[in-house]
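Down below is the structure, laid out as structure tokens.
Readers should treat all values here as calculations from the given coordinates under stated rules, not as data from a laboratory. Quantities reported herein were computed from a predicted structural model and do not represent experimental measurements. Quick reminder, even Gly has a Cβ in these numbers, built from the backbone with ideal geometry, and neighbours come from all protein chains shown.
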Amino acid sequence: MFDIIVVGGGPIGLNAAIKFSENKKILLIEAEDFLGGQIIKLYPEKEIVDIDGIPSIIAKDYVTQLIEKCKQNANIQIGLNEKVNSIIGTNETIEVSTTKQTYQTKKVILAIGLGTSSPRPMGLENESKCKNILYSLQDLSMLKNKNVLVLGGGDSALDWTKEISKISDFVTIIHRRNEFRGNFDTIKGIKNVIVKTPFIPVAINMKNNLLESLVIRNVETNQEETLMADFVFVNYGNIPLVNTFGLVSLNNGLVVNDKCQTSMKNVFAIGDVARYENKKHRIQPGLNEIKILDNIIK
Ligand SMILES: Cc1cc2nc3c(=O)[nH]c(=O)nc-3n(C[C@H](O)[C@H](O)[C@H](O)COP(=O)(O)OP(=O)(O)OC[C@H]3O[C@@H](n4cnc5c(N)ncnc54)[C@H](O)[C@@H]3O)c2cc1C
């Protein structure tokens, strides 16, 4: 019997496991065969500047130190490559069934983020065949001095455009609207970034399983342009596949009250998966939710 089962080994699940391990027996379960969540999957090399008390840190360094703390902690047992399929509450205990076995626990903290998500593609013919179309970036240096087209209008597209502009003079960001959803100030004034709006990608010219150029269309004038590229980096977000375990859910997330409680007794949700008014999908709000839980779980 565990005191707490934390589901999800992203930054918030890792922080929660560490926080509550002092006097509790914790099991941390992660569906992938690695810990770190979106940080490791999508942006290990990016700089993070918006965590309280940490002025700046490379994303993978942030999460690596958390992983090390978890691994060295005798009160934390880690299950990798193990997906939680169901959570059943009884009077005294909760039964958590995974792809490997069933566990008993007193409490469950769900930190499953975007679930087991997959990146949203452009939806163009031959897209899946082109090896130089990227949806995440493990190694920024591969784009050094390359001609890169970044697609998307959110913060990740803008953040990546800024990062790539530091190592290449040939970066174009393409977005379907004139206004960006993310903070445009991120790239404002950077001289070697070309901004193309309002454009959508409409076709790929491909040779030997590599994209040679991308055809884009101006959605106001319908005029098309063909842009040569070494890499196209698509930042259209993810198609979430969240298992909501039969709990009250909203927009692929779990509805929680101001104590992070879900609709099942002793089952809590924190991090990107938690839904409440004005919820922001960043690390700091998840850390704030751990502080709230601390008062309840003690
Ligand atoms: C490109 C990009 C840049 C970003 N930059 C920043 C930034 O600069 N600053 C910032 O604060 N935030 C940033 N974010 C957002 C930040 O990454 C998220 O807010 C954060 O990862 C949420 O952490 P989490 O632990 O809640 O979820 P996740 O990181 O999504 O982790 C959830 C984990 O749960 C696992 N899981 C899911 N379902 C199951 C299951 N059924 N069983 C077992 N395991 C399961 C998943 O495999 C995953 O490992 C960025 C996001 C992106 C995409």
Calculated from DSSP H runs of 4 or more alone, at -39500 (n - 2.57) each and per residue, what is the 222 nm mean residue ellipticity of the chain, nearest 500?
-5500 deg cm²/dmol
Based on Cβ point charges of +1 for Lys and Arg and -1 for Asp and Glu, what charge dipole magnitude is obtained for the chain about its Cα centre, in debye rounded to the nearest 20?
280
Applying a 10 Å radius around every beta-carbon, put 122-135, 273-286, 229-242 in order of their mean neighbour count, most first.
229-242, 273-286, 122-135
Could you state the angle between the C-alpha long axis of helix 155-165 and the longest principal axis of the C-alpha atoms of the chain, as a value from 0 to 90 degrees rounded to the nearest 10?
50
Compute the angle between helix 59-72 and the longest alpha-carbon principal axis of the chain, please, reported from 0 to 90 degrees and rounded to the nearest 10.
20
State, as an integer percentage, the relative contact order of the stretch 24-140 based on alpha-carbon contacts under 8 Å between residues 6 or more apart.
29
Residues Ile88, Ile94 in order from fewest to most other beta-carbon atoms within 10 Å are Ile88, Ile94
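What list do you get for Ser118, Ser56, Ser156 if you sort them by fewest beta carbons within 10 Å?
Going from least to most buried by this count: Ser56, Ser118, Ser156.
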Computed over the Cα atoms of the stretch 119-237, the Rg and Dmax in Å are 13.1, 38
At 0.890 mPa s and 25 °C, Stokes D of the chain from Kirkwood alpha-carbon radius, µm² per second
119
For the stretch 65-157, with the dipole built from +1 on Lys and Arg beta-carbon atoms and -1 on Asp and Glu ones, taken about the Cα centre, which of Val84, Gln138, Ala74 lies farthest toward the positive end?
Gln138
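Which order results if Ile200, Ile26 are arranged by neighbouring Cβ count within 10 Å, fewest first? Can you show the working numbers first?
Numbers: Ile200 14, Ile26 25.
Final ranking by Cβ density, sparse to dense: Ile200, Ile26.
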The lysines whose Cα lies under 30 Å from the Cα of Lys131, excluding any fewer than 8 residues away in the same chain, are Lys41, Lys46, Lys60, Lys83, Lys144, Lys146, Lys162, Lys166, Lys191, Lys196, Lys207
Under a point-charge model restricted to the Cβ atoms of Lys and Arg (+1) and Asp and Glu (-1), what is the dipole moment magnitude of the stretch 119-237 relative to its Cα centre, in debye to the nearest 20?
100
Once the in-chain neighbours fewer than 8 apart are removed, the lysines whose Cα is under 16 Å from Lys106 read Lys24, Lys25, Lys265, Lys298
Enumerate the aspartates and glutamates that Lys259 could reach by cross-link, defined here as Cα to Cα under 12 Å, with residues fewer than 8 away along the same chain left out.
Glu289, Asp294
